Amino acid sequence: MSDYYDLLGIERGADKDAIRSAYRDRLEGASQSERAKLNKAWNVLSDPVQRGRYDGADADGSAVDDIDDDDARVPARPSSRTGGRPTRGAGRADRSAAGERRPRPPAREPLAPTIILPDGMEMAPTRQRGTALLIDFLIFFLIYILAFAALLPAMVNQRYPAQTKRIDAINKEITLLDKQKTKADDRAGNSKLSKLERDTAKAEAKTLDKQITTRNDRITTISKDFQGFALLLYAAILVVMLAIVVPPTALNGQTLGMRLRKVRVVRVDGSPVGWIGALTRFLIPLALALFIPSIGAIVGLGMVVWFFRDRNRQGLHDKLAKTVVVAAD
């Protein structure tokens, strides 16, 4: 029976830094099978909860080598009538008599990280990082609402007054046509009316729908007059958002949310993230959210929250920038 402490060559009272250092030393020159065992030992001993369970099982004489897989399995009591094999209801009856339930199998152990941080650094707790992300997201959301609900329409109206007036007039026509179409649809589905009346209503609704489509196409054509100006405004908003997060990240590794939740960004080798790394980390998700309608915001947010399921707790934007979020001192 192997022992994780002996495998890493450390004392049982070793702290996390000593475990990390020993793990890193053992990885050098290790074969693939040895690396798998070392990863398992690191994953258990670096986590206080798993380490406590491991030490407790070792003290009780349990099979510590399989602590994460077999510690919750309760063997069925053999039955003399079945030649040592348990009957279908035997386990249920035994649990009922003992007044206990069979414990659930433990959750699958997460994969060991492939990034080994320098001594004194550790991955940021998921909850703190998630809260920091929420704070920064709320700041971006307020900027977005202010820009697109107030600033952008006002600037377009000031620069292109004729086009905006035409669009407003067409939108009013679309609203009126939409109300008429709703009434026609209601008549078409009214079983109390005659078939002729329902067919007439269906034809009317179809005609109104074509008129609405024509007017929407007209709005699209008019909007092309100020499409370039709108893109410039989007770019200006992107610059503002980047100015909020890139400089503080490049200088001290923290956005406002990260500073409040005491986490920070570093490169995977533990060095400061720098200006290029900070710009790379934020540019792509923000650009996707601004320049691609609807789906862009979903894709950009998905890139960021990928860290919840990543073994190194990296979002896709972290992987592009070669960064990782760690606990701040």
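The values are calculated or read from the model by the stated rules, or taken from the named source; none is laboratory data. Since the structure is predicted, the reported quantities are computational estimates derived from the model, not experimental observations. Here the Cβ is made from the backbone with ideal geometry for all residues, glycine too, and neighbour counts use every protein chain on show.
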Options GLU197, GLU204: the member that is surrounded by 15 or more Cβ atoms within 10 Å (Cβ to Cβ) and either in a helix (DSSP H, G or I) or not β-branched (Val, Ile, Thr) (or both): GLU204
Within the bounds of segment 104-114, is there any residue that is at pLDDT 80 or above and under 40 Å from the mean Cα position of the chain (by Cα)? yes
MET258 - would you say it is of a type in the set (A, V, I, L, M), closer than 26 Å to PRO118 by Cβ and touching a residue at least 40 places away in the same chain (Cβ under 8 Å)? yes
Could you list, in sequence order, the residues of segment 282-313 that are closer than 23 Å to PRO113 by Cα and touching a Leu at 6+ places or on another chain (Cβ under 7 Å)? MET303, VAL304, TRP306, ARG311
Return yes when GLY9 is small (Gly, Ala, Ser), surrounded by fewer than 16 Cβ atoms within 10 Å (Cβ to Cβ) and modelled with pLDDT of 80 or more and no when it is not. yes
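Here is a yes/no grid of residues against (1) assigned by TED's automatic domain parsing to the domain that holds THR131; (2) more than 19 Å from the chain's Cα centre (by Cα); (3) at pLDDT 95 or above:
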| position | (1), (2), (3) |
| --- | --- |
| ARG261 | yes, no, no |
| VAL265 | yes, no, yes |
| VAL268 | yes, yes, no |
| TRP275 | yes, yes, yes |
| LEU279 | yes, yes, yes |
| ALA287 | yes, no, no |
| ILE295 | yes, no, no |
| ARG309 | yes, no, no |
In the set ALA243, ALA205, ALA201, which member is closer than 30 Å to MET155 by Cα and in the same structural domain as PRO293 (by TED's automatic domain parsing)? ALA243
Pick from segment 1-60, criterion under 17 Å from MET123 (Cα atoms) and charged (D, E, K, R), ranking: nearest to the chain's Cα centre (by Cα): ASP47
Selection from segment 256-298 of residues that are more than 20 Å from ALA147 (Cβ to Cβ) and hydrophobic (A, V, I, L, M, F, W, C): MET258, LEU260, VAL263, VAL265, VAL266, VAL268, VAL273, TRP275, ILE276, ALA278, LEU279
